[in-house]
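The values are calculated or read from the model by the stated rules, or taken from the named source; none is laboratory data. Computed from a predicted model, the values in this text were never measured in an experiment. For neighbour counting, all protein chains shown are included, and Cβ atoms are generated from backbone atoms with ideal geometry for every residue, glycine included. Quick note on the areas: whole protein, heavy atoms, side chains included, nothing else; ligands and nucleic acids left out. Shrake-Rupley method; radii C 1.70, N 1.55, O 1.52, S 1.80 Å.
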Amino acid sequence: MKRIVTATVINQSGVLNRITGLMTKRQFNIESITVGHTEKEGVSKMTFVVNVDDNAKIEQLIKQLNKQIDVLKVTDITDQAIVVRELALIKVISNAQIRSEISGIIEPFRASIIDVSRESITVQVTGNSDKIEAILDLLRPYGIKEMVRTGITAFPRGSQKSVTDLKQYSILN
Amino acid sequence: MRAKAKPEAEAVTAEMTGADVLIHSLKKENVEVLFGYPGGAVLPIYDALYRSPIKHVLSKHEQGSIHAAEGYARVSGKPGVVIATSGPGATNLVTGITDAMMDSLPLVIFTGQVASTVIGTDAFQEADIMGITAPITKHNYQVRDVQDLPRIIKEAFHIATTGRPGPVLVDIPKDVANKTISPDYDSTIHLPGYQPTFSPNILQIKKLGDAVGSAKKPVILAGAGVLHANAGKELVAFSEKHSIPVINTLLGLGSYPGNHPLFLGMGGMHGTYTANMALYECDLLISIGARFDDRLTGNLDHFAIHATVAHIDVDPAEIGKNVPTQIPIVSDAREALKKLLEIESSSPETDDWRQKLTQNSENFPLWKKVSTSEFLPQRVVELVHEYTKGDAIITTDVGQHQMWAAQYYAFADANRWVTSGGLGTMGFGFPSAIGAQLAFPEQTVVSLTGDGGFQMTLQELSTLQELNLPVKVVIMNNQTLGMVRQWQEAFYEERYSQSLIPVQPDFVKLGEAYGIQSYKVTNEEEAKAVFEEAFSHRDPVLIDCRVSGKENVYPMIAPGKGLHQMIGVKP
Ligand SMILES: Cc1ncc(C[n+]2csc(CCOP(=O)(O)OP(=O)(O)O)c2C)c(N)n1
Ligand SMILES: [Mg+2]
């Protein structure tokens, strides 16, 4: 199963290495990692998407991350109400004739064309992973020359609906 | 010969070098002894050391330094402090750092680094020790600004010694050590991401209290966490209060008196029948400061399958890692036991259970061959026990002799047992004895070692010679890599590939070459005479005990098997 885990970390050199190292050591399957500054000086936030077999494994990941001295807070936000965004840049083969056709396709996704050349256009799209998959499916028939994705970044929404079915871990204190 | 010390260097002057700041900080941390080896990148540090009264033990290989520091830390509970130069000096520490990480030993390790200006250029003796040691340290630092040095050193000692202890490495570029500053020793520790839990959640303690009251077959598994927390007294009180039998892990030996009627022995691969069957059959397992290593649990599908599992550990990540746990308690072992003793709780009715365990012990005790013609390795351990009155600090290497030491020395007291458990590091035993002896100069310290493992770090005989410490080196010489040979006998149809080592140095001449009284003994009578003499004085001794090379360690749980599937339970 896929889980979204965020880690707030002190922006020390080496912290990224320690974290990715422990994931490798403990054989966690990372789908994506994003890192960037937060509103607090010297504090960064990492967002991981990991593929795990069961709850015990994700619990172990969270505990191992928490053990790192430079990690301030770790949360599995998968089951919370969250805002999730990922950005993709997609270079699609296109000549002048089909350019407007593509424009039409991407418009409902609120994607935009950010570069145009004679043989291709580059589409920028942001959203959750499903939305990006959807637009890719639609663009694939035209021929995708190049594609990059940032991996998701996320945090909980301002208000949470119900917290009753949030993940419970065995450690109480 | 010491050059005249510059008088002003001793005092905290307004202006001092990073190296002086380091030495001064070590004094503030009450460090008594450093284990190290000099080299280019640490020349400034060794120059500062030259002006300092702190004792420095010069090993013959950095691995010797770090294992000595581990032995020192293991028996004293104080952090072992190591210094090595950049590049090869630092990489020579890697085995010891990993060993300390696995066995939760507090170490603070200082490595020199090439100058900041050339880091990243593959400079002479540059190694990415931060990258290399990231997975094998509790934390590591590279000092970029000399002003940070006092704070980093404080933090390093704090992290190494609190929570679950472990090794912390501080990498110091040469220019940082040379730079002159007015140090700020008042800078405080700032570790918002490090707040180890110390006291238990009282609701969980009560839950465990209730589980104890209703158990029929309870058992306690006590690991090294009990030793780290200095919780031996509380453990005895708790087990006696409720008449709960106690099992030790390999590293936990000594945390419960080996001669106590409630003691069932060591559990695991070479544990006693009684201990392993108790782990298999219990209905309440209270694990305290143990981490359910695979050598202890055997096949997890068969481990404590009938039991409610309570797990007390300072490290929350250990709880639920290998064994599903119904009553998790994140806490220092002593704090948790104190609370358990405070709460109102009824005692379980354990008479039947204990009777059954006693029967097991009577029917299936540890056994060994009885022979008048052969010199049996198990007898060496028993004789050492006899001649040290069971009160020596015993360090071991890794292999058969280690397991026999664990089985037959019956540790009556805490902090007498020094062994490499998690990593199983050959070469650990002898240098760790030097460190243990430095921590307790008055104690009898015995390095029980194998003929294989001893040869991995025997150059430290020279360190022993120099310090003239009364360490007694007892080589259990079976002329084989015994544990490897045993596995080849059991699982590879006696194909003894590279495990027989009949060609050996003359250990007596070798010891004598280092100026150490050395003896070879080939039977019990000779051994008794030499032990009598060796344990009566305060000089180092080496004894080459030529024991039978055919003995196996029993009982044994084959890989993949459960604790109830022991072999070699009876002769
Ligand atoms: C550094 C290292 N290399 C290899 C091993 C694998 N190993 C485990 S026990 C053993 C044999 C040890 O022989 P010896 O020191 O003579 O002890 P014995 O088993 O004979 O008592 C070996 C090679 C190890 N544990 N550590
Ligand atoms: Mg041997």
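At a glance:
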| item | result |
| --- | --- |
| Residue-count net charge about residue B:198 - beta-carbon cut-off 13 Å; Lys, Arg +1, Asp, Glu -1 | 0 |
| FRET efficiency for residue A:113 and residue A:83, using Cβ-Cβ distance with R0 set to 35 Å, rounded to 0.05 | 0.90 |
| Sequence-separation-based contact order of the range B:16-181, relative, with Cα cut under 8 Å and 6+ spacing, percent | 28 |
| Accessible surface of residue B:56 - all protein chains present, 1.4 Å probe, nearest 10 Å² | 50 |
| Buried accessible area, chains A and B (both chains, 1.4 Å probe, Å² to nearest 100) | 1800 |
| Accessible area, probe 1.4 Å, largest first, for residues B:216, A:63 | B:216, A:63 |
| Those trypsin sites (Lys or Arg not before Pro) in the range B:364-420 that DSSP places in a loop and that have at most 14 other beta carbons within 10 Å | B:369, B:389 |
| Fraction in percent of alpha-carbon pairs per bin - 10 Å, the protein assembly as shown | 3, 13, 20, 22, 19, 12, 7, 3, 1, 0, 0 |
| Residues of type aspartates and glutamates that residue B:27 reaches as a straight line, Cα spacing below 14 Å, ignoring anything fewer than 8 places off in the same chain | B:10 |
| For q = 0.15, 0.17, 0.19, 0.20 Å⁻¹, Debye-computed log10 I/I(0) when each Cα of chain A counts as one equal scatterer | -0.91, -1.04, -1.17, -1.24 |
| Per residue solvent-accessible surface (Å²) - the protein assembly as shown, probe of 1.4 Å | 42 |
| Of all accessible heavy-atom area on the range B:1-139, the percent that carbon and sulfur account for (1.4 Å) | 59 |
| Charge sum, other residues only, whose C-beta stays under 12 Å from residue B:386's C-beta, Lys/Arg counted +1 and Asp/Glu -1 | -1 |
| By accessible area with a 1.4 Å probe, ligands and nucleic acids excluded, highest first: order of B:25, B:371 | B:371, B:25 |
| Estimated 222 nm signal from helices in chain A, with DSSP H stretches of n ≥ 4 weighted -39500 (n - 2.57), rounded to 500 | -8000 deg cm²/dmol |
| Antiparallel DSSP beta bridges within the protein assembly as shown, percent to nearest 5 | 40 |
| Chain B, helix-only ellipticity at 222 nm - DSSP H runs n ≥ 4, -39,500 (n - 2.57), divided by all residues, nearest 500 | -10500 deg cm²/dmol |
| Surface/4 estimate of mean projected area, convex hull on alpha-carbon atoms of the range A:2-76, nm² | 4.4 |
| Charge dipole magnitude, Cβ of K and R +1, D and E -1 - the protein assembly as shown, Cα centre, debye nearest 20 | 1040 |
| Average beta carbon contacts from partner chains per residue of B:199-212, 10 Å cutoff | 1 |
| Value of relative contact order over the range B:377-546, rounded to a whole percent, pairs C-alpha under 8 Å and six or more apart | 22 |
| Burial of 10 Å² or greater, the range A:9-27 residues [accessible area, probe 1.4 Å, versus chain by itself] | A:10, A:13, A:17, A:18, A:25, A:26 |
| Inter-chain Cβ neighbour average for residues A:64-70, partner chain, 10 Å | 6 |
| Relative contact order, percent, chain A [alpha-carbon distance under 8 Å, six or more residues apart] | 26 |
| Longest to shortest principal axis, alpha-carbon extents of chain B, angstrom | 72, 61, 42 |
| The range A:1-46: GluC sites (Glu not before Pro) in DSSP loop, at most 11 other beta carbons within 10 Å | A:39, A:41 |
| Carbon/sulfur fraction of accessible area - the range A:1-126, other protein chains in place, 1.4 Å, % | 47 |
| Positive minus negative residues near residue B:166 (Lys, Arg vs Asp, Glu; Cβ under 12 Å) | -1 |
| Efficiency of FRET from Cβ geometry, residue B:374 and residue B:299, R₀ 35 Å, rounded to 0.05 | 0.55 |
| Accessible-area order (highest first, 1.4 angstrom probe) of the listed residues B:247, B:136 | B:136, B:247 |
| Net charge dipole size for chain A [Lys, Arg +1 and Asp, Glu -1 on Cβ; Debye, nearest 20] | 360 |
| Positions from the range B:323-346 whose accessible area shrinks by 30 Å² or more when the full protein complex is built, not the chain alone, probe 1.4 Å | B:328, B:330 |
| Accessible-area composition of the range B:216-352, carbon plus sulfur, in percent [1.4 Å probe] | 47 |
| Partner chain coverage, peptide B:131-139 - average Cβ within 10 angstrom | 4 |
